[in-house]
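Quick one: this structure, given as structure tokens, is what I'll be asking you about.
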Amino acid sequence: MNLQSTDPEYTQRLGAFLEEVRNEPDSMLEPTTRWLAILATLTGNGSVDAYKEALPQALQEGLDPVAVKEMVYQATDYLGYGRALPFLHATNDALTAAGIALPLPGQATTTMNDRLEKGIAAQVKIFGEHMNEAWKAGTINRYLAANCFGDYYTRNGLDLAQREMITFCFLAAQGGCEPQLTAHAGGNMNMGNDKDFLTRVVSQCLPYIGYPRSLNAIACIGKAAEA
């Protein structure tokens with residue numbers, strides 16, 4: 001059943017608020033950036049039904065299918081395969097319905113032989129020279145460099161600034177990841193996504209993430225800006 005028929009007052013107020021947020025001068029974003037952030041947020045908090053509603057509109061407003069796929073792929077390292085898989089299926093269904101042939105062109109730039117080296121290089125670009133040695137701290141740190149950064153951050157389709165933005169959205173939407181969220185707020189700033197930009201991202205995603213996690217995200221942005 002359509003929510004407009006079953007819950008007319010709710011849908012009226014929700015729709016009005018979504019438009020208010022979208023058009024608020026202090027929180028506006030370029031449309032494809034806005035949609036990329038919203039889709040990453042919906043993925044981060046497991047909102048697959050809302051994701052299915054949002055994705056066709058995002059594609060209609062110009063968001064590149066490759067960017068969408070890259071977002072979902074990268075979500076695997078921040079949510080785990082089990083939570084990312086429904087969004088991969090939902091994305092494939094939406095792209096097929098839109099007449100977009102799958103698979104999309106490959107975007108990998110690493111091999112199994114150089115993924116660690118190139119992943120470390122990506123970490124250094126985002127977080128600084130100390131990341132040259134961070135992978136040696138333990139097995140999970142090596143996985144982080146080779147898999148998260150080497151397998152995903154190095155791919156074409158999104159640049160490092162966009163990848164840091166969607167990571168920020170994944171972490172903010174999950175909740176309970178505030179230390180990592182603060183670190184990635186700093187990584188965003190290093191990539192040119194300044195405090196104002198990240199605040200706009202949180203504002204645009206607030207209807208999909210709720211007030212508690214949005215306020216936590218704003219606090220993490222403030223901590224990163226002061227560091």
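As I understand it, the value is the acute angle between the Cα axis of helix 115-127 and the longest principal axis of the Cα atoms of the chain; what does it come to in degrees, rounded to 10?
Tilt of helix 115-127: around 70 degrees.
Give the peptides 186-195, 218-227, 142-151 in descending order of average Cβ contacts within 10 Å, highest first.
On the way: 186-195: 18.1, 218-227: 16.6, 142-151: 20.7.
Descending mean neighbour count gives 142-151, 186-195, 218-227.
Evaluate the charge dipole of the stretch 79-227 about its Cα centre and quote only its size in Debye, nearest 20, assuming +1 on the Cβ of each Lys and Arg and -1 on the Cβ of each Asp and Glu.
Computed about the Cα centre, the dipole is about 180 debye.
If you place +1 on the Cβ of every Lys and Arg, -1 on the Cβ of every Asp and Glu, and leave all else neutral, what size is the dipole of the stretch 97-158 about its Cα centre, to the nearest 20 Debye? Walk me through the intermediate numbers first.
Numbers: 6 positive and 5 negative charges, 15 e Å.
I would put it at about 80 debye.
For a quick protection proxy, order the peptides 27-34, 167-174, 101-108 by their average other-Cβ count within 10 Å, most packed first.
Working: 27-34: 15.9, 167-174: 27.1, 101-108: 10.6.
Ranked by mean Cβ neighbours within 10 Å, highest first: 167-174, 27-34, 101-108.
Using a Förster distance of 22 angstrom, determine the FRET efficiency expected from the C-beta separation of ALA108 and VAL48, and round it to 0.05. Don't skip to the answer; put the middle values down first.
Values: r = 26 Å, r/R0 = 1.19.
Given R0 = 22 Å and the Cβ-Cβ separation, E is 0.25.
Between the alpha-carbon centers of the stretch 67-82 and the stretch 113-167, tell me the distance in whole angstrom.
The stretch 67-82 and the stretch 113-167 have Cα centres spaced 15 Å from each other.
Another question about this same structure. Along the Cα→Cβ direction, 7 angstrom out, place labels at GLU226 and GLN180. What is the inter-label distance in nm?
Between GLU226 and GLN180, the simple spin-label model gives 2.4 nm.
For the stretch 141-148, take each phi angle, set θ = phi - 60°, evaluate the Karplus expression 6.51 cos²θ - 1.76 cosθ + 1.60, and give the result in whole Hz per residue in order, putting x for glycine and proline.
5, 5, 4, 4, 5, 7, 8, 4
Which whole-Hz couplings ³J(HN,Hα) result when phi for each residue of the stretch 13-26 is put into the Karplus expression 6.51 cos²θ - 1.76 cosθ + 1.60, θ = phi - 60°, listed in order with x for Gly and Pro?
So the Karplus estimates, Gly and Pro as x, are 5, 4, x, 5, 5, 4, 5, 4, 5, 4, 9, 5, x, 7 Hz.
Oh, and also: Quick one: 3J(HN,Hα) in Hz for the stretch 214-227, Karplus 6.51/-1.76/1.60 with θ = phi - 60°, rounded, Gly and Pro as x.
Per residue, the Karplus-derived 3J(HN,Hα) values read 5, 5, 4, 5, 4, 5, 5, 4, x, 4, 5, 5, 7, 6 Hz.
How many Å² of accessible area per residue for the stretch 12-60, probe 1.4 Å?
Normalised by residue count, the accessible surface of the stretch 12-60 is 50 Å².
Accessible area of the stretch 1-125 with a 1.4 Å probe: how many percent of it is carbon plus sulfur? If you can, show how the numbers build up before the last one.
Working: 3700 of 6860 Å².
Result for the stretch 1-125: 54 percent of the exposed heavy-atom area is carbon or sulfur.
How much length is gained on full extension from ALA97 to LYS195, taking 0.36 nm per residue of separation minus their Cα-Cα distance?
Full-extension gain reported as 31.5 nm.
The values are calculated or read from the model by the stated rules, or taken from the named source; none is laboratory data. In this text, all values refer to a predicted model and were calculated from it rather than measured experimentally. Every residue, glycine among them, receives a Cβ derived from its backbone with ideal geometry; neighbour counts consider all protein chains shown. Heavy atoms of the whole protein, side chains included, go into the accessibility calculation; ligands, DNA and RNA do not. Shrake-Rupley method; radii C 1.70, N 1.55, O 1.52, S 1.80 Å.
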